Amino acid sequence: MCEPDPYLLGYRRAEQERLERQADELAHESAWLFDEIGVRDGWQVVEIGCGPRGCLGLLSPRVGAIGRVIGVELSQEQVERAQRFVADSHLTNVEVLQADARSTGLREGTFDLATARLVLVNVPQPELLVAEMVRLVRPGGVVALHEADSTAQRCYPPHPAQTRLLEVLNSYAEMNGIDRSIGLRVPRMLRESGLVEVRVNPLIHAYPAGHSRRMLVLEFVANARQRILDKALIEEGELNELTAALRLHLEDPGTLVISSLFIQAWGRIPSR
């Protein structure tokens, strides 16, 4: 817990609000995944990197009064936000713990499902998180991931400002051991961790004018802005010019904005 938090997008207030908004934006896709897995009454579920809300509100009614959902989050601020959400939503079967997702301290083999959404794409050493998720799940249980190839974001007509900003963001991530294309690796990671019956569901979206996720590239750059400047990956003047130019382009309703490629992948721990 004393190590610097490696999370790519940081914890400024705007990012916390974006994550809370994201919980609603991605609810339909996550609900589909949990229904496909068959999450049901009585299940014990752990969500790794739940942030200020994550999937806690979706999982709670699915596991019912005799089930349990544990959210694991490293950031104290996000833990407190998640705990407020749990209390305000009267989710009596949900608990949020502050812990390192690479070593949660939770008991081995006690969960029916371990899940994470858009966590691996923002942290170094993602294999350690997957290994911990596998450790936590009982034989026959499920590990499920929802990840992104964030290098696949595009717009049309293409704009050099987006190309350059993505290049800078990807370079900063690479310097810190973070793979922004990790969604493509997730199915293989599950198989290499010993899971069987691995399934994959790819997702991609076009964000129309006014959509809350249309400006994600700019939000991500703003989150990492000071750290990018500190690493001298770009001059501040150029960064300001590029962000202003891209904002104008994305605000144009005639610009087609395409999301990252998202990969939902899940598999089972072999029964003994």
At 1.4 Å probe size, with the rest of the protein present, what percent of the exposed accessible area of the chain is carbon and sulfur atoms?
51
Would you check the accessible area of His159, probe 1.4 Å, heavy atoms only, in square angstrom rounded to 10?
50
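Across all directions of projection, what mean area in square nanometres is found for the Cα convex hull of region 31-82?
Answer in nm², one decimal: 3.3.
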Calculate how large, on average over all directions, the projected area of the Cα convex hull of the chain is; give the answer in nm² to one decimal.
13.8
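Work out the P(r) tail for region 43-141: percent of alpha carbon pairs separated by more than 24 Å, whole number.
14
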Rounded to the nearest 10 degrees, what's the angle between the helix 160-175 long axis and the longest principal axis of the chain, both from Cα atoms, 0 to 90?
50
Whole number in Å², please: accessible area per residue of the chain, 1.4 Å probe, ligands, DNA and RNA not counted.
45
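Given the chain, what percent of its DSSP beta bridges are antiparallel, to the nearest 5? Mind dumping the intermediate values first?
Working: 19 of 39 bridges.
Antiparallel: roughly 50 percent of the beta bridges in the chain.
Per residue Cα convex hull volume for region 88-138, in cubic angstrom?
Working: hull volume 5.2 nm³, N = 51.
For region 88-138, the hull spanned by Cα atoms encloses 103 Å³ per residue.
Using a 1.4 angstrom probe with every protein chain in place, what is the largest-first accessible-area order of Ile66, Ile182? Present the calculation step by step, with values, prior to reporting the outcome.
Numbers: Ile66 120, Ile182 0 Å².
Sorted descending by solvent-accessible area, the residues read Ile66, Ile182.
The values are calculated or read from the model by the stated rules, or taken from the named source; none is laboratory data. Remember, it's a predicted structure, so these values are computed and weren't measured experimentally. Side chains included, ligands, DNA and RNA excluded: accessible areas come from the protein's heavy atoms. Shrake-Rupley method; radii C 1.70, N 1.55, O 1.52, S 1.80 Å.
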